[in-house]
1. As an exercise: evaluate A:ARG279 against (1) of a type in the set (D, E, K, R); (2) surrounded by 24 or more Cβ atoms within 10 Å (Cβ to Cβ); (3) not in a loop (DSSP other than H, G, I, E, B) and give the number of the one condition it does not meet.
2. Checking A:GLU633 against (1) touching a residue at least 24 places away in the same chain (Cβ under 8 Å); (2) out of contact with any helix residue (DSSP H, G or I) (no Cβ under 9 Å at 6 or more places or on another chain); (3) within 10 Å of chain B (Cβ to nearest Cβ), which single condition isn't satisfied?
3. Just a yes or no: is a residue in segment B:512-530 among the hydroxyl-bearing types (Ser, Thr, Tyr) and closer than 27 Å to A:ASP317 by Cβ?
4. Those residues that are more than 8 Å from chain B (Cβ to nearest Cβ), within 26 Å of the chain's Cα centre (by Cα) and not β-branched (Val, Ile, Thr), I need them from segment A:614-630; list them, please.
5. Give the residues of segment B:604-628 that are part of a loop (DSSP other than H, G, I, E, B) and touching a helix residue (DSSP H, G or I) at 6+ places or on another chain (Cβ under 6 Å), sorted by residue number.
6. Against the condition within 7 Å of chain B (Cβ to nearest Cβ), at pLDDT 85 or above and assigned to a strand (DSSP E or B), how does A:GLU318 come out, does it pass?
7. Residue pairs, Cβ under 7 Å, 6 or more apart or interchain, first in segment A:242-260 and under 15 Å from B:VAL246 (Cβ atoms), second surrounded by 13 or more Cβ atoms within 10 Å (Cβ to Cβ) and among the basic types (Lys, Arg). List them.
8. Starting from residues that are aliphatic (A, V, I, L, M) and more than 7 Å from every other protein chain (Cβ to nearest Cβ), keep the ones in segment B:551-567 and report whichever is surrounded by the most Cβ atoms within 10 Å (Cβ to Cβ).
Protein chains: 2
Amino acid sequence: MRLLVLAVLCILSTAATASPHPHPLDPLSATELTAVREAVLSSPLVPARPLHFHYVGIDEPEKPEVLSCTYGTSTSSSILPRRALAIARAGGQSHELIIDITNSSAPSIISHAIHHGPGFPMITPDEQSAAMALPPKYSPFVESVWRRGLNVSDVYCGVLSRGWFGSSQPSYGGGRVAKMQCVVGGDGETANLYARPLVGVTLVVNLDRMAIVGYNDRVVYPVPKAEGTDYRADKVGPPYTGPATVPGVVVQPEGRGFHIDGHTVRWANWEFHLGFDMRAGMVISLASVHDADAGKRRRVLYRGFVSEIFVPYMDPDEEWYFHTFVDAGDFGLGVSASPLQRVGDMPKRQYDYGKPVKADDVICVFERYAGDIAWRHTSAALLITEVRPDVTLVARMVVTVGNYDYILDWEFKTSGSIKIVVSLTGILEMKASWYTHVDEMKQDAHGTLVAENTVAVFHDHFVTYHLDLDIDGTNNSFIKNTMVQKRNTGDPATGGARTPRKSYWTVRRDVAETESDGRVDVNGVPPADLLFVNPSKKSKTGYEVGYRLIPGGATAASLLADDDYPQRRASYTKKQVWVTPYNRSEKWAPGLYAEQSTGDDNLEAWSKRNRRIKDEDIVLWYTLGLHHIPYLEDFPVMPTLSGSFELRPSNFFENNPLIRTKPPSNFNNLNCSCGAASM
Amino acid sequence: MRLLVLAVLCILSTAATASPHPHPLDPLSATELTAVREAVLSSPLVPARPLHFHYVGIDEPEKPEVLSCTYGTSTSSSILPRRALAIARAGGQSHELIIDITNSSAPSIISHAIHHGPGFPMITPDEQSAAMALPPKYSPFVESVWRRGLNVSDVYCGVLSRGWFGSSQPSYGGGRVAKMQCVVGGDGETANLYARPLVGVTLVVNLDRMAIVGYNDRVVYPVPKAEGTDYRADKVGPPYTGPATVPGVVVQPEGRGFHIDGHTVRWANWEFHLGFDMRAGMVISLASVHDADAGKRRRVLYRGFVSEIFVPYMDPDEEWYFHTFVDAGDFGLGVSASPLQRVGDMPKRQYDYGKPVKADDVICVFERYAGDIAWRHTSAALLITEVRPDVTLVARMVVTVGNYDYILDWEFKTSGSIKIVVSLTGILEMKASWYTHVDEMKQDAHGTLVAENTVAVFHDHFVTYHLDLDIDGTNNSFIKNTMVQKRNTGDPATGGARTPRKSYWTVRRDVAETESDGRVDVNGVPPADLLFVNPSKKSKTGYEVGYRLIPGGATAASLLADDDYPQRRASYTKKQVWVTPYNRSEKWAPGLYAEQSTGDDNLEAWSKRNRRIKDEDIVLWYTLGLHHIPYLEDFPVMPTLSGSFELRPSNFFENNPLIRTKPPSNFNNLNCSCGAASM
């Protein structure tokens, strides 16, 4: 199978040409990153050394400025200041710096603050690499390995964020403490680094001091065998005994249909800015759709990105209880963006944030010809069939956070819909055990025995999207159109009629006034259509223009107890929907400093202020959730499992925007007409 | 856009070659249909005339016989008797006949019964055509049309099933009584036959007598204007102002990957029989998947088809209260299968069931290259990325039941999953009104004002699938793996541990004993994985082999009152999942005689017998449901809206069946690697 996939982002080339007028939302160029780094390192504000950068990204201009620059007539982007936000650790403190890089050859630090609250910035790949080198030099660990009859060189240890468990957890001196757990992976027997865990051994590392500060060799389990765990093509075959399909190639005889200008993508009736952030990965901004009838481009989404992926495991054991990752906040989705090429460009992963590094191939844009139908109708009476095929544009990022691979798609449809798809694949987290058969499992094993001595642990995935919808303008309201059962009263004055019908449903329209109205369980009863509308823009018939949220499966909510520590940090995962007023600082659902965060600065905490959200600039937070009981098929690498949701125009257009779409000239030759039946 | 779509079914050619050994599940050939017709018409058992056929289909052999014939070694299909079921109306009665056509030149009727219970067989297109001719000759109707200043020749009237409302509804002499309502559609102003209703006028027709037996001209509303309602390419343009995409063609350089042998489709690891039925449309039978590790083909699905589509509208008004269609039972999905070509082959739809008619192009099979990923993993530590693209096989039927078009897809995946997708498009049912702006709507209008004088009425769609899963054998059990929150007791004997973790979830496994355990609200709390397992087949580690149901959105349940008439008929729509023991006669969720049915012989009635379903031959009934509040975009033809569910192997294979799949040779050139970012 081949896709016609075409280059989309050329951030480095943007940097190379050193455009004097970048789009205000363009990611930092290599030149700008270098300027940030040099400005911070040469500043007297942060004298302590070593200094490590944990986050560098654009400090975007105020939203009105960006909107004015993008849609206004008077202001040009060249006059907007260009700023970066850097978070650096030095002297045991988290420093927040804003650097003006409007003139990248003369950067200036315009603010500096030290974060004193709970939580820490992301753990960097550099730190992980440095920490990996510690265990082989740590004699208790070496003894543990020997005692198990293994070679130290065959054992890899990785860094795991340790979550937050209040004073119930040993502090190990406090600060940026993480855990390390190990696998047998260096013996070349398998490329599956999660299938052969060395369960029982946990190291504790202070990442600032880069030193082992705790050690526990609690219990010995057999190391699962390597056989059947590998996934590399040259190890699983030949012969390749799996199902075979024939290749298919999408050919576009007239060329591709989308255009890239800097970071702006234009395709069919859509236009959007495609950015990239170390923490969020792909960022969609300023998405607007052309309305042919109105003869203008209309705003839909100011900003959309994955704010967090919360992955709690369901095993209270010593080695597992803290596996409650906030992947974006702990490790960064942009930092974890695949594929291989990027890693191949950075041998040994020895790089320091702040230095520009080329991250190749992290976003992919392609047109999707899936055989779907945009709309159709057959009129048997009139002998008419009209069909319009559906072609869509997909922007894809793949994030591999350790074991799991997330395929994160934004699919733009000509109908005005945006479909967001999360597909999970990759490798399960597994624990070693003595079990070889389920009959031996007398106690709760907290997982599935996917292979001999191998339990894949129960867990959840909660992927939280930040969706700053601006439906046809900045100020929007959040509407719940609840479908409520009515008895037929027989009286037209109350909606009834003198007919035998006893019941029906009708729509109760509730406008959310404050944030407490903006928290919704999408599985709740009675059901409701959830809309973002612009109360100042109405259709000819008087409806507020809007977009609607349509969940497409994967609507799980967290089952953890409210008072449990991981749940306090990710308390927003009890509802799929939250609506907040736009606030420049509220980007990350578990808070800016999510690593070891306590939940005091998360989405729920903000929402509890109960601010007004009616006819305001508001933000939709949607959490796509899956409970994952592993099954045998998920081993050694799981087949993709997907969930999705759709943002669909609902009274946004005056009518179906595809009705005046030209039918494809060869559609009658499509020959999707292949059966004959007798009746 | 073009798809590589290839011919799949050649039922008529099968008939032409008059194979002496049809597959026992093959649809009736033209020869066989003629034999059935002649046998019934020449039989003294049903002397009354006229005699009309309402259903003719195969009376399939007993399941053990089919299984033995398909998978056994001793029996060959040639010795299975070949039988047809015919339902005919004659003398005001519904006759059920079984005709042996093993020798189609000497058919014999082997049973005859008269249906005395409530309900009637499907209304036929012939009857609809004949009824359409009645109103223009019915003088009160002609006067009503004149009074509105319209031409009779411009008005089309269609037949609507009238549902069942007990003694609350006038009987009009009882029997096969239907209603007729009318639209302005004959003036050539628009091809949209639902946009200009002549609301207020209702005719009642006795279909057996083919005579008008009731008439009501209750109220006059303006006829909505034609402008903006058409959807024909040559009427909406040029210019075509809708969004334009570039064409894409799927090319398969090595040819197509599936093979057809009679009605049997073989592709990758799948094999299934693709049948067709007047009522169900496409029928998937005997789907089995090859297990390369086990070196054998394993059974998954004995039979799958759409059993019913229940569409209740939410307006209690005189003209609307009875709009509570059971599309399959009232009109037939096979009969309603699009596209146009079939209609073009049958001008004026003048055909009588029982006579073979060629139904071209009603099922489409194609391989889908959508850019999806079957599985992938990147190991940053080992500098490895392995990706396997996903290619799937889609079997598609499009059913147009009057206004709505349903695109009904079965997507077979190499992972062993079957994904079933329902996509809704077509035209809304609309009522005329005086309203031109929502501000005028002081009372409940029961719909959305999609255009001036045009209200699209609130409604639901409940698409019920009959899924006779046979997971690796005939006898299966239904399992609910419920995820239940646990407090950490600190005691390993109860699954706890002495750690700061306070809570987790674990799995409570419930085996359904009887049918009452087989009714599930998939939105219920706590959540559960729902599996069909084979208790006599276990994995090496001891798990029962199984398949799991994964809803993908569209999980609405009916909101009608339990005591309301339409709800009593379709009472099964209050739960998405029902599990029943296999019973040859339980195919149609609202009962065999669904037209004007009372609910006494529906899925819920069967389930109430509370038969054993543990380790039995059991059937899954899944209802995909949508509540539909119309929006302006749904006018004049709605953009496709989809829901889906997946049947996914879960402990069926010993591990991921795709792990030993050969990577595509050109995959590294796929170039889904198109972005560069600086960090």
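1. (3)
2. If we test A:GLU633 against (1) touching a residue at least 24 places away in the same chain (Cβ under 8 Å); (2) out of contact with any helix residue (DSSP H, G or I) (no Cβ under 9 Å at 6 or more places or on another chain); (3) within 10 Å of chain B (Cβ to nearest Cβ), just (1) comes out false.
3. Filtering segment B:512-530 down to residues among the hydroxyl-bearing types (Ser, Thr, Tyr) leaves B:514, B:516.
Then keep just the ones that are closer than 27 Å to A:ASP317 by Cβ; that gives none.
Within segment B:512-530 (the criterion being among the hydroxyl-bearing types (Ser, Thr, Tyr) and closer than 27 Å to A:ASP317 by Cβ), the answer is no, since none of the residues qualifies.
4. Applying the first criterion (more than 8 Å from chain B (Cβ to nearest Cβ)) to segment A:614-630 yields A:614-626, A:628, A:630.
Still in the list and also within 26 Å of the chain's Cα centre (by Cα): A:616-626, A:628, A:630.
Matches in segment A:614-630: A:GLU616, A:ASP617, A:LEU620, A:TRP621, A:TYR622, A:LEU624, A:GLY625, A:LEU626, A:HIS628, A:PRO630.
5. Taking segment B:604-628 as the starting set, the residues that turn out to be part of a loop (DSSP other than H, G, I, E, B) are B:608-611, B:613-615, B:617.
Of everything in segment B:604-628, those that are part of a loop (DSSP other than H, G, I, E, B) and touching a helix residue (DSSP H, G or I) at 6+ places or on another chain (Cβ under 6 Å) turn out to be B:ASN610, B:ARG611, B:ILE613.
6. Values: within 7 Å of chain B (Cβ to nearest Cβ): yes; at pLDDT 85 or above: yes; assigned to a strand (DSSP E or B): no.
Taking the combined requirement at face value, the residue does not satisfy it.
7. Correct list of pairs: A:PHE258/A:ARG266; A:HIS259/A:ARG266.
8. Here is the first cut: in segment B:551-567, the residues aliphatic (A, V, I, L, M) are B:554, B:556-557, B:559-561.
Next, only the ones that are more than 7 Å from every other protein chain (Cβ to nearest Cβ) stay: B:554, B:557.
Values: B:ALA554: 26, B:ALA557: 19.
Among those that are aliphatic (A, V, I, L, M) and more than 7 Å from every other protein chain (Cβ to nearest Cβ), it is B:ALA554.
The values are calculated or read from the model by the stated rules, or taken from the named source; none is laboratory data. Treat the numbers as computed from the prediction; the structure is a model and nothing was measured. Cβ coordinates were reconstructed from backbone atoms using ideal geometry, including for glycine residues, and neighbour counts include every protein chain displayed.
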